[in-house]
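Trainee: Quick one: this structure, given as structure tokens, is what I'll be asking you about.
None of the figures in this text is laboratory data; all of them are computed from the coordinates on show. Everything numeric here is computed off the predicted structure, so don't read it as measured data. Neighbour counts run over all protein chains shown; Cβ positions are idealised from the backbone, glycine included.
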Amino acid sequence: MTTVKEIEASAKERMEKALGDLQHAMATIRTGRASINLLDNVRLDYYGTPTPVNQLANLHVPEPGMITVQPWDTSQIAPIEKAIRNADLGVNPSNDGKLIRIPIPPLNEERRKELAKKLNGVAEDHRVSIRNIRRDANEQIKKLAKEKKIAEDEDRRGHDETQKLTDSYMAKLDQLARAKEKEILEIK
């Protein structure tokens, strides 16, 4: 990194990735309705390789309270069903030999609060990530100032811009987390 602008651009890019990762992580947290993203973290041993379910089967949401999993290799139906059962998603899959049906039960109040707590933990992890990006950018700016590659006022401006960037991404993160929490706690 040679300029403050490059440091800021790098920090912005990394914060954007952290926000994207948060959105992906939130998609796997269950709400009251079915979503194939619920199965994103479900993996099973397929010929010695841990493989995501979505690479072994077609996933569909035929109705708001149901996910169907249709394996391309029907010999894998039992292992896929077992992997879903063991994933601690709060669902009870069943199969008919060709298709796995996963009914999504409505969430009770206790489970909603549990999921909201999990969401807050995921959001906090991403807040920490954004703060770490800010720290790294500030350290790089300090290093440039120490090596006399930038002036004092440019050093100060760089720190101010980094803080503004951090504040804007924190606001976006909080907004996403609040929307998801509302979705989880909302009773349909």
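Trainee: Restricting to DSSP H runs of at least four residues, report the calculated mean residue ellipticity at 222 nm for the chain, -39500 (n - 2.57) per run over all residues, nearest 500 deg cm²/dmol.
Mentor: Rounded to the nearest 500, it is -20000 deg cm²/dmol.
Trainee: Follow-up question, since we're still on this one. Going down the list Lys12/Lys164; Lys118/Lys164; Lys117/Lys180; Lys146/Lys172, which pairs span over 22 Å between their C-alpha atoms? Could the numbers behind the result be given before it?
Mentor: Values: Lys12/Lys164 11 Å; Lys118/Lys164 28 Å; Lys117/Lys180 12 Å; Lys146/Lys172 33 Å.
Over 22 Å Cα-Cα: Lys118/Lys164; Lys146/Lys172.
Trainee: Moving on. What whole number of Å gives the distance from the Cα centroid of the stretch 3-79 to the Cα centroid of the stretch 87-114?
Mentor: First find each Cα centre; the distance between them is then 16 Å.
Trainee: Sorted from largest to smallest, which semi-axis lengths in Å does the alpha carbon gyration tensor of the chain give for its equivalent ellipsoid, taking the root of 5 times each eigenvalue?
Mentor: Details: eigenvalues 383, 79, 24 Å².
Three semi-axes, in Å: 44, 20, 11.
Trainee: Starting from the Cα of Ser10, move 7 Å in the Cα-to-Cβ direction to define the label point; list residues of the stretch 137-154 whose amide nitrogen is under 14 Å from there.
Mentor: 137-145
Trainee: About its Cα centre, how strong a charge dipole does the chain have in debye, to the nearest 20, once Lys and Arg get +1 and Asp and Glu get -1 at the Cβ?
Mentor: 200 debye
Trainee: Quick one: order Met66, Met15 by neighbouring beta-carbon count within 10 Å, fewest to most.
Mentor: Details: Met66 14, Met15 23.
By the 10 Å Cβ count, ascending, the order reads Met66, Met15.
Trainee: To the nearest 20 Debye, how big is the dipole of the stretch 105-188 about its Cα centre, given +1 on the beta carbon of each Lys and Arg and -1 on that of each Asp and Glu?
Mentor: 140 debye
Trainee: Now for a different question. So what is the relative contact order for the chain, in percent, with contacts set as C-alpha pairs under 8 Å and at least six apart?
Mentor: In percent, rounded to a whole number, it is 26.
Trainee: To continue, here is another question. In percent, how large is the relative contact order of the stretch 36-103, given Cα pairs closer than 8 Å and 6 or more residues apart?
Mentor: 28 percent
Trainee: Can you give the direction-averaged projected area of the convex hull of the alpha-carbon atoms in the stretch 148-188, in nm²?
Mentor: Mean shadow area of the hull around the Cα atoms is 3.1 nm².
Trainee: Using +1 at the Cβ of each Lys and Arg and -1 at the Cβ of each Asp and Glu in the chain, identify which of Leu39, Asn54, Tyr169 lies farthest towards the dipole's positive end.
Mentor: Checking the options against the dipole of the chain, the answer is Tyr169.
Trainee: May I pose another question? Mind checking the log10 I(q)/I(0) for the stretch 36-103 at q = 0.16, 0.23, 0.24 Å⁻¹? Debye, one equal scatterer per Cα, no solvent, two decimals.
Mentor: Normalising to I(0) and taking log10 leaves -0.44, -0.97, -1.06.
Trainee: Something else now. Using the Cα centre of the stretch 36-103 as the reference point, and only Cβ charges (+1 on K/R, -1 on D/E), how large is the resulting charge dipole? Debye, rounded to the nearest 20.
Mentor: 60 debye
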